[in-house]
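Input: a single structure, listed below in structure tokens.
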Amino acid sequence: MELFFEGLKNGLAMGSVFALMALGYSMVYGIVKMINFAHSEFITIGGFVAFFLAALFHDVLGWAYSVGMLLLCLAGAIVVCVIIAILTERFAYRPLRKKGSSRITALITAIGVSYILNGILNAINNKQLQFPTFFDNDTAFIISIVVTAALLILLTFFVKKTKVGIAMRAVSENEEAAKLMGINNNFIIALTFVIGSALAAIGVVIYLLRVPFFTFELGSSTIGLYPFVAAVIGGIGSLPGSVLGGFLIGILKEFAAVFGISAWSDVIVYGIFVIILLFKPAGLLGKDVREKV
Amino acid sequence: MLFKRMNKRNLVSTLVAIVALLAGCIFVQNGESLLWTKIISKILIFSIAALALNVVCGCLGEFALGHGGFLLLGYTAAVLIATFTKNMIGADFYKEFVYTTRGGLQPLGYLILTSDVLIAAVITGLFGFVVGIIALGRLKGDYLAIVTLGVSLIFVNITKNIPALGGAQGINININLGGSPLIYGIMLVVSIFLILTFMKSRFGRATLACRDDNIAAEACGVAVNKSKVLTFTFSALIAGLAGALYAHFNAFKPIEFGQDLSIELLIIVVLGGLGSLTGSIISAGIIVFYNLWFCTRSWVPEFFASNPKIIYGIILVVIMLFRSSGILGTAEFSWDWFYGLFKKLKNKLIKNKKETPKEVE
């Protein structure tokens with residue numbers, strides 16, 4: 001029973017991280033219908049920036065580890081992630097959209113961008129890094145749950161109630177019609193990338209509070225496809241769906257770890273992913289869109 | 001059936017090209033340079049794997065990200081079968097009659113190896129059939145890509161976790177590693193022949209119809225699902241063949257068949273052109289040559305060797321942005337085109353000859 005609760009607790013914490021990252025995948029997919037493979041590299045970049053800022057503040061400037069410093073690191077990570085997301089969108093994805101390329105082309109470009117970013121991270125530092133300890137495990141757990149819940153509420157409010165959020169949903173529903181209604185598509189799409197990458201940065205900093213060791217393969221291999229799988233399981237394009245999927249994946253993975261079969265966690269997660277997709281191709285909370293002739 | 005369509009000139013040219021390829025393979029195999037044996041072997045194997053992926057991506061029009069998994073299945077099956085045969089007929093016999101002293105193959109060795117590889121390919125094809133039936137009917141587009149990737153990762157992790165199938169370190173055949181290009185060359189010719197025959201068959205044409213317009217094809221009475229699953233199975237079979245040959249080439253760990261290998265194959269297919277078999281072979285040559293030859297030169301900065309991903313990424317993005325159809329697009333090599341080139345050249349020369357005196361006058 002103790003194992004069960006430990007697994008549940010770790011799973012919730014891990015799940016909230018996956019949920020934050022899944023939101024980025026999900027929003028981008030919902031709006032441009034493209035799997036943004038580069039998202040996993042945004043995650044790693046966020047981790048790198050937070051780590052190097054912490055090292056700078058502590059080792060060079062001699063500050064003590066504190067909440068304020070963590071927030072500064074987080075802000076830095078968000079800013080860098082957002083800038084890189086905007087650049088990626090501007091120089092890789094927008095030209096493709098202008099040409100009206102197929103979805104496969106977009107997917108391959110995304111893989112290419114993710115490879116470039118990963119290669120650059122590898123060239124910067126390919127050793128194992130350790131993020132400093134800011135909180136003990138329990139506090140980190142509470143923080144991850146609270147932050148995820150707060151962000152989800154904020155995001156839901158933003159998408160449902162504000163003007164920009166409504167524009168966002170309009171673009172995702174029908175890009176052409178949205179354009180005719182006077183919505184600036186490119187701005188909305190860039191904004192989606194910005195929100196997604198900011199969430200990735202927040203997610204990775206929360207992740208590092210609990211699991212401090214990481215390498216340049218954090219996003220591409222350690223966390224890997226989990227957030228994306230979470231987004232698809234929950235129903236890609238649906239905000240509560242991503243969160244549900246994130247918690248599901250996180251709990252599955254941590255239960256596997258607690259019960260000593262962590263080597264099999266990939267098999268379990270991907271197996272359940274495939275099974276869910278087969279019975280509900282649109283995901284648990286996704287809308288099933290029929291193809292019209 | 002395939003040969004019936006050809007006229008005499010093209011048939012002779014094809015046979016000459018095949019003989020030349022195999023002669024080249026034998027030449028490399030008997031040559032002294034281990035590096036070149038390795039490069040040629042890998043080019044041939046990767047060509048087969050890329051052709052398999054191209055059948056799905058180019059001809060079926062769906063996007064599979066998990067062919068590394070099928071290669072792994074072929075690899076594992078081939079190793080298990082080879083080990084089994086070795087234990088059956090005894091290691092001494094094996095050493096004496098199957099391999100030559102240099103690690104090459106004797107006639108009996110070719111027979112054993114070929115049957116081993118073909119059985120492994122058929123086993124992989126069965127797995128591909130199951131995956132195809134499960135996934136292709138319900139999913140398409142991005143979802144199918146991700147599910148195939150997920151399935152391949154499941155294969156990798158299962159192999160990694162079960163010691164009998166390899167464990168983290170993997171299993172290997174343990175003798176005669178290093179490659180015998182002749183057998184790879186033969187298999188490449190066989191798989192090209194199989195693919196062309198398949199694509200010209202009823203199912204192949206049905207598949208092309210589905211790719212061009214799914215709904216129209218269905219309305220015309222094409223069994224869309226059936227032909228899709230069949231094509232996917234066929235692709236898995238060819239990928240399994242490549243994996244089985246990989247087992248006779250070198251020792252690999254299961255983890256090396258993961259996401260990165262699948263994406264490397266994808267890069268090859270995209271670079272060559274989705275739907276162009278010739279393109280896949282050419283770009284397999286380019287990528288392997290780049291990896292094994294260019295990066296190992298002493299005059300090349302270390303940056304290229306230690307960061308293959310940046311180069312790959314740049315290749316992908318640049319191709320997608322500026323020439324999204326790849327090197328060859330959907331064009332295929334054909335003898336008519338080849339001889340047409342000569343004719344053009346000849347005409348040009350004749351024209352030049354006629355024109356030059358005029359200018360002098």
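The values are calculated or read from the model by the stated rules, or taken from the named source; none is laboratory data. The model shown is predicted, which means the values in this text are computed figures rather than measured ones. With ideal geometry, Cβ positions are generated from the backbone for all residues, glycine too; neighbour counts draw on all protein chains shown.
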Scanning the range B:190-224 for residues that are among the polar types (S, T, N, Q) and buried (at least 18 other Cβ atoms within 10 Å of the Cβ) gives B:Ser191, B:Thr207
If B:Ser227 meets every condition in (1) touching a residue at least 60 places away in the same chain (Cβ under 8 Å); (2) assigned to a helix (DSSP H, G or I) apart from one, which number is that one?
(1)
Taking A:Leu154, is it free of Cβ contacts under 8 Å to residues at least 12 places away in the same chain and under 21 Å from the mean Cα position of the chain (by Cα)?
yes
List the pairs whose first member sits in the range A:178-198 and is aromatic (Phe, Trp, Tyr), whose second member is crowded, with 19+ Cβ neighbours inside 10 Å, and whose Cβ atoms are under 6 Å apart, counting only residues at least 6 apart or on separate chains?
A:Phe193/A:Ala85; A:Phe193/A:Glu89
Take B:Leu274 and decide whether it is in contact with a Leu (Cβ under 8 Å, 6 or more places away or on another chain) and not β-branched (Val, Ile, Thr).
no
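Here's the yes/no breakdown for (1) in contact (Cβ under 8 Å) with a residue 24 or more places away in the chain; (2) farther than 30 Å from B:Ile173 by Cβ; (3) touching a Lys or Arg at 6+ places or on another chain (Cβ under 7 Å):
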position	(1), (2), (3)
B:Ser191	yes, no, no
B:Gly204	yes, yes, no
B:Ala217	no, yes, no
B:Ala236	yes, no, no
B:Ala239	yes, no, no
B:Gly258	yes, no, no
B:Ile263	yes, no, no
Somewhere in the range B:268-291, is a residue farther than 26 Å from A:Leu107 by Cβ, more than 10 Å from every other protein chain (Cβ to nearest Cβ) and in a loop (DSSP other than H, G, I, E, B)?
no
Confirm whether B:Gly340 is closer than 25 Å to A:Ile111 by Cβ, at pLDDT below 85 and more than 8 Å from every other protein chain (Cβ to nearest Cβ).
no
Search result, residues across the range A:238-290 that are under 18 Å from the mean Cα position of the chain (by Cα), closer than 13 Å to A:Ser26 by Cα, away from chain B (no Cβ under 12 Å) and of a type outside the set (S, T, N, Q):
A:Leu239, A:Pro240, A:Gly241, A:Val243, A:Leu244, A:Gly245, A:Gly246
Please name all residue pairs, on different chains or six or more residues apart, with Cβ atoms under 9 Å, provided the first residue is in the range B:316-330 and is within 8 Å of another protein chain (Cβ to nearest Cβ) and part of a loop (DSSP other than H, G, I, E, B) and the second residue is of a type in the set (Lys, Arg) and surrounded by fewer than 18 Cβ atoms within 10 Å (Cβ to Cβ).
B:Ser324/A:Lys99
I need a count of the residues in the range A:103-125 that are without any contact (Cβ under 8 Å) to a residue 60 or more places away in the chain and surrounded by 15 or more Cβ atoms within 10 Å (Cβ to Cβ).
9
Please determine whether any residue of the range A:183-196 is more than 27 Å from B:Ile146 (Cα to Cα) and part of a loop (DSSP other than H, G, I, E, B).
yes
I'm trying to understand the selection: among the residues of the range B:280-304, which are of a type in the set (A, V, I, L, M, F, W, C) and over 20 Å from B:Ser41 (Cβ atoms)?
B:Trp299, B:Val300, B:Phe303, B:Phe304
Evaluate the range A:11-25: report whether one residue or more is in contact (Cβ under 8 Å) with a residue 12 or more places away in the chain, closer than 13 Å to A:Ala198 by Cα, more than 11 Å from the chain's Cα centre (by Cα) and assigned to a helix (DSSP H, G or I).
no
